[in-house]
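> Pasting in a structure now, in structure tokens, and then I'll have a few things to ask.
All of the numbers you see were taken from the coordinates with simple rules; none came from a lab. Small disclaimer: the values here were computed from a predicted structure and weren't measured. Counting neighbours? That spans all protein chains shown, and the Cβs are built from the backbone with ideal geometry, glycine included.
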Amino acid sequence: MQERHIDAGQTIYHEGDAGDAVYIITEGRVEVLRTTGDDEEVRLAILDKGAIFGEMAVLRDKPRSTHTRALTPTTLIVLPRDVFLSTFHNDNPLALQVLRALCERLAQVDQKLVEHHVIAEPATISEIDKIHLIGASPEVEVQIGTDGLVISSLPFRVGRHIMPGEPPHVDGAELSLYAKRAGSISPLHFAIEEQGENLAVRDLQSHLGTIVNGMRVAHFEVMQSAPLHFGENLVVAGPLDSIFRFHIIVERKAQ
């Protein structure tokens, strides 16, 4: 196991390379890409601190099916193939067989997504025309209206009104909702903001975290924010069954 430092823009491994190691991000951000038959790069994922990648080629014992590139200066822990696999051999050989089968299925899904170009494209700030916030539940819709809001400036923070007995917040949210219970949504729950070149949602001072397009983020966990993509995004303040649900629709400028 060793540490490796990567400059922004530097490739970590290429498609077709041998699966000789697994990587853990300790600092920075990495994008995972696949090249189509037209030599077009399709982004499959953006990985942040704490993420593990490169394991599919190791588990499948096949060449890399993607290439990875550092978006920011990045520090990685490198686990050689034999070190990574020894964990399964020593503890549970059956688990290794199951993981290999799952990786094969995931690889097939990735290939279909690339072929049909249905990968959601991250919303780049310079290409955004309009950001529209709409209630995705009756409880939110009744408070902000059926037409929702157009977000004209960033950051845009969402939370709830202060309840009796709570200390006031120095910085209030741009959108404060009424809630029956204090724990259901926090006074400063999440923010829609610029992060580098992209638009993202960051969890602020919530007690229960925020779910962005199915990904849970929280200020008290490794993943504190998640990127938004062009088109419709679903953001849930709190757990998956929370009534505080929003659609963030990001429109692209006309070409």
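> Using θ = phi - 60° and the Karplus form 6.51 cos²θ - 1.76 cosθ + 1.60, what ³J(HN,Hα) does each residue of region 192-204 get, whole Hz, x for Gly and Pro?
9, 8, 7, 9, x, 8, 10, 8, 8, 10, 10, 6, 9
> Going by how many other Cβ atoms sit within 10 Å of their own, how do 25, 46, 52 line up, fewest first?
Ascending Cβ contact count within 10 Å gives the list 52, 46, 25.
> Listing 38, 7 from the residue with the fewest other Cβ atoms within 10 Å to the one with the most, what is the order?
38, 7
> Also: Compute the length gained on full extension between residue 125 and residue 180: take 0.36 nm times their separation in residues and subtract their Cα-Cα distance, giving the result in nm to one decimal.
So the extension gain works out to 16.2 nm.
> Now a separate question. Test of understanding: ordering 121, 41 by Cβ neighbours within 10 Å, fewest first, what list do you get?
On the way: 121 15, 41 12.
Lowest count first: 41, 121.
> Is the C-alpha gyration tensor of region 125-252 telling us rounded, prolate or oblate? Criteria: a/c under 1.5 is rounded; beyond that, a/b larger than b/c is prolate, otherwise oblate.
Taking the square roots of the gyration eigenvalues as a ≥ b ≥ c, region 125-252 is prolate.
> Something else about it: Between residue 18 and residue 161, what length comes free when the chain is fully extended (0.36 nm per residue of separation minus the Cα-Cα distance, one decimal in nm)?
Going from the current span to full extension adds 46.0 nm.
> Need the full-extension length gain, residue 61 to residue 10, defined as separation in residues times 0.36 nm minus the C-alpha distance. One decimal, nm.
15.9 nm
> Based on the alpha-carbon gyration tensor of region 197-255 and its eigenvalue square roots a ≥ b ≥ c, which shape applies: rounded if a/c is under 1.5, prolate if not and a/b is larger than b/c, or oblate? All intermediate terms of the calculation are to be shown ahead of the outcome.
On the way: a/c = 2.96, a/b = 1.63, b/c = 1.82.
Oblate is the answer for region 197-255, as a/c is 1.5 or above yet b/c matches or exceeds a/b.
> If you average the alpha carbon positions of region 41-55 and of region 191-245, how far apart do those two centres end up, in angstrom?
Taking the Cα centre of region 191-245 as reference, the centre of region 41-55 is 18 Å away.
> If R₀ is 22 angstrom, what is the calculated FRET efficiency for the pair residue 241 and residue 141, using the beta carbon separation as r and rounding to 0.05?
0.80
> Would you mind counting up the charge near residue 79? Only other residues with Cβ under 15 Å from its Cβ, with Lys and Arg at +1 and Asp and Glu at -1. Could the numbers behind the result be given before it?
Values: positive: 4, 81; negative: 3, 20, 55, 82.
That sum, taken over residues with Cβ under 15 Å, equals -2.
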